[in-house]
Amino acid sequence: MNFIQNVVRPRKDRVFFATFDDEIKLRQDFTDRLDLLDRAVSSVKGVGKQTALFDAVWQFCDEKMRSVSGRRVLVIITDGEDTYSRANLNDAIDIAQRTETTVFAISTKAGFSSAVPGVEMGETKDARDRDLVKLSEETGGAAFFTGDMLSLERSFRKIQKELTSQYLVTYRPSNDQYDGSYRRIDVKLGTGHNELRIRTKRGYKAISDTVKP
């Protein structure tokens, strides 16, 4: 709720809140009312025994993000393991790109006690970590690996900063046909800006149902 309260601008931003385990559940639809979001967050009392991460990304992007205007962002808090989805990592990346949704992922696999070596330093150790990194980076976001409450708060602040300091760059491709091909994007900085770093999605599929930004 602290993250939501700091990010949401009344009458400008809308947030939906949902959970996913062996059930994907929308707990609060898009709203800018913090009292409704607080009630939805507080209503989460337990978790299921499975994790349908990729199905959740697919469903949220297809059913929620596709129909809204403006910038679309998913902030996912998860241990990164998927045990229940029919969709796979590539499916999740594909639907996020098609709906122009940027994904930020926060890994909780270490809990908040820094029990996993390297987690507090942001290192990735296994396939679950690499999946979160790929899902985020391929959609223009980033993955964070928290080891304690302090690093969790830092992750939230970094996401908050990025959400308020992005640029929109457009172009017209030489191939303007929706032929299903993958179009790679390579954005580079001009000289004299070595202190800056670009984060953008790496490409997209040219298909006709892609949502316009």
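In the list ASP38, ASP91, which residue meets the criterion of being under 30 Å from ALA206 (Cα atoms), in a helix (DSSP H, G or I), of a type in the set (D, E, K, R) and without any contact (Cβ under 8 Å) to a residue 60 or more places away in the chain? Spell out how you get there, then give the answer.
Values: ASP38 fails: under 30 Å from ALA206 (Cα atoms).
Exactly one of ASP38, ASP91 is under 30 Å from ALA206 (Cα atoms), in a helix (DSSP H, G or I), of a type in the set (D, E, K, R) and without any contact (Cβ under 8 Å) to a residue 60 or more places away in the chain, namely ASP91.
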**Request:** Tell me, yes or no, whether the range 75-87 has at least one residue that is in contact with an Asp or Glu (Cβ under 9 Å, 6 or more places away or on another chain), more than 19 Å from THR19 (Cβ to Cβ) and open to solvent by 10 Å² or more (accessible area, probe 1.4 Å).
**Result:** no
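Condition check ((1) within 11 Å of the chain's Cα centre (by Cα); (2) modelled with pLDDT of 95 or more) across all residues:
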| site | (1), (2) |
| --- | --- |
| VAL44 | no, no |
| VAL47 | no, no |
| ALA56 | no, yes |
| GLY70 | no, no |
| VAL75 | yes, yes |
| ASP79 | no, no |
| ALA87 | no, yes |
| ARG98 | no, no |
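Hey, could you check the range 143-195 for residues that are part of a loop (DSSP other than H, G, I, E, B) and of a type in the set (A, V, I, L, M) and say which is nearest to GLY70 (Cα to Cα)? Steps first, please.
First pass over the range 143-195, keeping only residues part of a loop (DSSP other than H, G, I, E, B): 146-147, 164-181, 185-195.
Among the residues that remain, those that are also of a type in the set (A, V, I, L, M) are: 168-169, 185, 187, 189.
Values: LEU168: 11, VAL169: 14, ILE185: 21, VAL187: 21, LEU189: 25 Å.
Per the criteria, the residue is LEU168.
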**Item:** Selection within the range 12-35 - open to solvent by less than 40 Å² (accessible area, probe 1.4 Å), farther than 19 Å from GLY80 by Cα and of a type outside the set (Ser, Thr, Tyr)
**Value:** ASP13, VAL15, PHE16, GLN28
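Being small (Gly, Ala, Ser) and at pLDDT 55 or above is the filter here, so list the residues in the range 100-117 that pass it.
Taking the range 100-117 as the starting set, the residues that turn out to be small (Gly, Ala, Ser) are 105, 107, 110-111, 113-115.
Matches in the range 100-117: ALA105, SER107, ALA110, GLY111.
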**Which listed residue, of TYR182, TYR178, is among the aromatic types (Phe, Trp, Tyr), surrounded by 10 or more Cβ atoms within 10 Å (Cβ to Cβ) and touching a Gly at 6+ places or on another chain (Cβ under 6 Å)** = TYR182
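The values are calculated or read from the model by the stated rules, or taken from the named source; none is laboratory data. Just so you know, these numbers come straight off a predicted model, no measurement behind them. Methodologically, a virtual Cβ is constructed for each residue, glycine included, from the backbone with ideal geometry; neighbour enumeration extends over all protein chains shown. To get the accessible areas, we keep the full protein, side chains included, count just its heavy atoms, and leave off ligands, DNA and RNA. Shrake-Rupley method; radii C 1.70, N 1.55, O 1.52, S 1.80 Å.
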